[in-house]
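Just so it is clear, none of the values below were taken in a lab; they were calculated from the coordinates. None of these values were measured; they are calculated from a predicted model. In this analysis, Cβ positions are derived from the backbone assuming ideal geometry, glycine residues included, and neighbour counts consider all displayed protein chains.
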Amino acid sequence: MIRDFVILALWLFLNAYVSSLLTSFNLIIMTKQISKLAIFFCVISLLCLSAKCNNNKNPLPQNSPKITFDLDQIGKDGLGTQAGSKVAIDYEYCIPAEEKYAAIVRKIDPQLKIMKSSRGRIGCTKSQWLCMGNTHQKDWRKILIQLAELDFVAQIDRTFFE
């Protein structure tokens, strides 16, 4: 992005330099036409650069090594296939047993359930709380990726209820 602005600044400088040279040679009519053309290209270039800048919003990664199940097997609606039918995918992970960590994960996933005395299949310790969620919600992938990016979340496993 910075490189694009440097190129644009260099281009503008060269246009101004050429315009000043043409003026010094008393080519007034030609200079006015080139100046109008230069302004037109500057405006178009700025519009293109601003559109490019808006599209580079550092998107979240599509997967994380902390997530132990395949997110690509889940549809946009948050439903995966299990025994031939569409179902929400339940998942679990552990967080340190403190309210400040619970507040952080609840902010990311408001539908989250926190079990303070259960170990879960993932095996939370006594100094951890079990967190359970599912993919049947808006922005489920974004939620999972944001949870996986937290330093205090070591792993996110799929949960199967019996």
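Checked against (1) more than 16 Å from Ile67 (Cα to Cα); (2) buried (at least 17 other Cβ atoms within 10 Å of the Cβ), Leu144 meets all criteria but (1). Residues of the range 96-126 that are of a type in the set (D, E, K, R) and assigned to a strand (DSSP E or B): Lys113 alone. Take the conditions (1) out of contact with any Phe, Trp or Tyr (no Cβ under 9 Å at 6 or more places or on another chain); (2) part of a helix (DSSP H, G or I); (3) in contact (Cβ under 8 Å) with a residue 60 or more places away in the chain; Tyr93 misses just one of them, which is (2). Considering Leu112, Leu150, the condition of being over 23 Å from Gly75 (Cβ atoms) and in contact with a helix residue (DSSP H, G or I) (Cβ under 8 Å, 6 or more places away or on another chain) is satisfied by Leu150 alone. For His136, the criteria (1) over 22 Å from the mean Cα position of the chain (by Cα); (2) touching a residue at least 24 places away in the same chain (Cβ under 8 Å); (3) closer than 23 Å to Leu71 by Cα hold in every case but one, which is (1). Output yes when any residue across the range 127-140 is in a loop (DSSP other than H, G, I, E, B), buried (at least 17 other Cβ atoms within 10 Å of the Cβ) and of a type outside the set (D, E, K, R), and no when none is. Yes: one or more hits.
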